[in-house]
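A quick write-up on the structure given underneath.
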Amino acid sequence: MSPNRAAVPSDAATTYSYGLPSDVEISLNGDASATLSRTVAVVDENGESNSITASIGQIAAPWAVDANGRQIDTHYELVGNELIQVVEHNQPGVAYPVVADPTFWWGWNVYFSNNVVNQVVKLVLAGAAATVLASRIIALVPGVGAVAVNVTALAGALITFGAAALNVCNYNNRGVYVGYTWVTGVLPFAPVVYRLGYFCVPN
């Protein structure tokens, strides 16, 4: 548990609102977690207008327990661009304080198709510099620059991964998601650095 966890007294409200930036889209998932994404307008390599939506964060499924460790029913609701956690603590037998501790991470991920992965692997095997690889990634994945702030750093990370690791990540030949995670924390408290680095996961 986080040292900043929220202690809910018996007379507290049952809903807690977490405001998010206006350009962040929130969607609730089947496992009760929430996904944060951002959509940006781009122009692809053919000069056509398009858009790209990238995941930039995740909020874990909510949980709440009373002072005796008993789980309290809780869930998220969406009201406009606010994420509402409902904590149903007004029940017989609940021992106070009740602790609710929604955790989140901020980051981004971008999809690389099998074709893009194969071209990246060829460049890595050929010993391409990060700047060369970055320019190729920008051409192959329209809008990546709007999500990955530093595509050259991403290219350097892919070179560090190496061709073998990228191929393992793409074991099913359906492409991979490459991404970057920089902070995590407990809503609504100040975030803390959790992982500062890149990752890839299979599609």
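Worth a mention:
- Two-site label geometry, residue 18 and residue 39: point separation in nm, points 7 Å out along Cα→Cβ: 2.3 nm
- Around the amide H of residue 57, modelled in the peptide plane, lie the amide H atoms of 36, 107, all under 5 Å away and 5 or more residues distant in sequence or on another chain.
- In order along the range 67-78, phi translates into HN-Hα couplings of 5, 9, x, 6, 6, 10, 4, 8, 7, 9, 9, 10 Hz, rounded to whole numbers, per the Karplus curve 6.51 cos²θ - 1.76 cosθ + 1.60 with θ = phi - 60° and x for Gly and Pro.
- Coupling constants for the range 127-143 follow from the phi torsions by the Karplus curve (6.51 cos²θ - 1.76 cosθ + 1.60, θ = phi - 60°), and in residue order they are x, 4, 6, 4, 5, 5, 4, 4, 5, 6, 4, 4, 6, 7, 10, x, x Hz; glycine and proline get x.
- Separation between Cα centres of the range 92-151 and the range 158-176, rounded to whole Å: 13 Å
- On a per residue basis, the convex hull of the C-alpha atoms belonging to the range 61-134 measures out at 180 Å³.
- Amide H contacts under 5 Å for residue 64, placed H, 5+ residues apart: 72
- Peptide packing for 155-165, 133-143 was compared via the average number of neighbouring C-beta atoms within 10 Å per residue; ordered from the highest value, the list is 133-143, 155-165.
- Karplus 3J(HN,Hα) series, Hz, for the range 105-115 with 6.51 cos²θ - 1.76 cosθ + 1.60 (x for Gly, Pro): 9, 10, x, 8, 9, 10, 7, 10, 5, 4, 4
- All Cα pairs of the range 71-181, percent lying beyond 17 Å: 63 percent
- Simple spin-label estimate for residue 81 and residue 132 gives 4.3 nm between the two label positions (7 Å along the Cα-to-Cβ direction from each Cα).
All of the numbers you see were taken from the coordinates with simple rules; none came from a lab. Quantities reported herein were computed from a predicted structural model and do not represent experimental measurements. Note: ideal-geometry Cβ built from the backbone for every residue, glycine included; neighbour counts use all protein chains shown.
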